[in-house]
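Step one of this worksheet: look at the structure below.
What follows draws every value from the coordinates through simple rules; no lab data is involved. Keep in mind the model is a prediction, meaning the values are calculated, not measured. Here Cβ is always computed from backbone atoms with ideal geometry, including for glycine, and neighbour counts include all displayed protein chains.
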Amino acid sequence: MSQAFSLQGKVALVTGASRGLGRAMADLLARAGAHVVLNGRDPGTLKDVAAQIKGTGGAAEAMAFDVADEAAQTAAINTIVKQHGRLDIVIANAGIQHRKPITEFETADFRRVIDTNLTAVWTLARESARHMIPAGRGRIIITGSISAYLARPTISAYVASKGAVHAMTRALAVELAPHNITVNGIAPGFVGTEMNTPLVQNAEFSAWVQKSTPMGRWGEPKEIAAAALFLASDEASYVTGHIVTVDGGMTAAM
């Protein structure tokens, strides 16, 4: 009997893997046996993460590029397939935030958030599908957000991008299902990552998170990574078109 949730022999690309959720997901996928290609914009940081994964017995390599650079993204995916002969799992996790009241929000900043959080995810899925369809298999996992359901002031571009990502996940799932490719999303609640450091350090906001979350605390990156492992595994072979919400019950509460 094979080990449950094993990714032995699989090749996975994780974007935004230098820190936070992406790093946690890459680490757990490597522990499950996958060869993980780590993406981010800082080559030095990625090499350090790869070294740490290798130090615990995992297989990892660094591949720095900006996900919003379509040509670089396409070249990277082609390189992975050429070097490894396959690309089984893609986790589109890279994303950015920009906080400004709507009256002060510059159009250029709105477009920058949309380009990174939505357009780059779409092109990543497209380029990955071009290799996964002939292979007759694949897992595409997209990091969404509970902000797609529950909005807060000053993050209109982020909310718009994540709402669109959730809808796109369903569209891609329907289109790619006949090719044995599943497409799912993960909607994290408030998780203590580097991007959320200003919020974690804000005593008033932290108290609000704890009060608003039935489990009474911030989430941990490893708890999001566990959902990614399930969706990447053979055990999730009949799960597609879903957004798995990991938020300590926040969206279930009144």
- Consider a paramagnetic label point 7 Å from the Cα of Trp208 along Cα→Cβ; state which residues of the stretch 95-128 have an amide N under 19 Å from it. 97-105
- Note on the structure: Here P(r) for the stretch 122-237, Cα-Cα distances in 5 Å bins, as whole percents, is 2, 11, 17, 20, 18, 13, 9, 6, 3, 1, 0
- Percent relative contact order for the chain, counting Cα pairs under 8 Å at least six residues apart, stands at 20 percent
- Note on the structure: Membrane-span-like helices (DSSP H runs, Cα span along own axis at least 15 Å, mean Kyte-Doolittle at least -1.0) in the chain -> 20-31, 43-55, 70-84, 120-135, 156-176, 221-232
- Among Ser237, Ser147, Ser128, rank each residue by its count of other Cβ atoms within 10 Å, from fewest to most, as a rough exposure measure. Ser237, Ser147, Ser128
- Final fewest-first order of Thr213, Thr103, Thr154 on the 10 Å Cβ neighbour count is Thr103, Thr154, Thr213
- The set of residues whose placed amide H lies less than 5 Å from the amide H of Val244, leaving out same-chain residues fewer than 5 positions away, is Gly185, Ile186, Ala187
- Message: Whole angstrom only: what separates the Cα centroid of the stretch 110-154 from the Cα centroid of the stretch 237-254?
- Response: 17 Å
- Note on the structure: Over its alpha-carbon atoms, the chain yields an Rg and a Dmax in Å of 17.5, 59
- Taking the Cβ of Ser18 as the centre, find all other residues whose Cβ is under 14 Å away and add up their charges (Lys, Arg: +1; Asp, Glu: -1). -2
- Item | Spin-label pair Gln8/Glu220, simplified geometry with 7 Å Cα→Cβ offset, distance in nm | 2.7 nm
- Hey, which lysines would be in cross-link range of Lys47, C-alpha to C-alpha under 23 Å, not counting anything within fewer than 8 residues on its own chain? Lys10, Lys82, Lys222
- Query: All other residues with a Cβ under 13 Å from the Cβ of Ala62 taken together, and with Lys, Arg as +1 and Asp, Glu as -1, what is their net charge?
  - Reply: +1
- Lys and Arg at +1, Asp and Glu at -1: add these up for the other residues within a Cβ distance under 13 Å of Phe205 and post the number. +2
- Could you list which residues have their amide H under 5 Å from that of Ala60, counting only those 5 or more apart in sequence or on another chain, with H placed in the peptide plane? Val36
- Query: Taking neighbour Cβ counts within 10 Å as the exposure measure, how do Thr74, Thr197 sort from fewest upward?
  - Reply: Thr197, Thr74
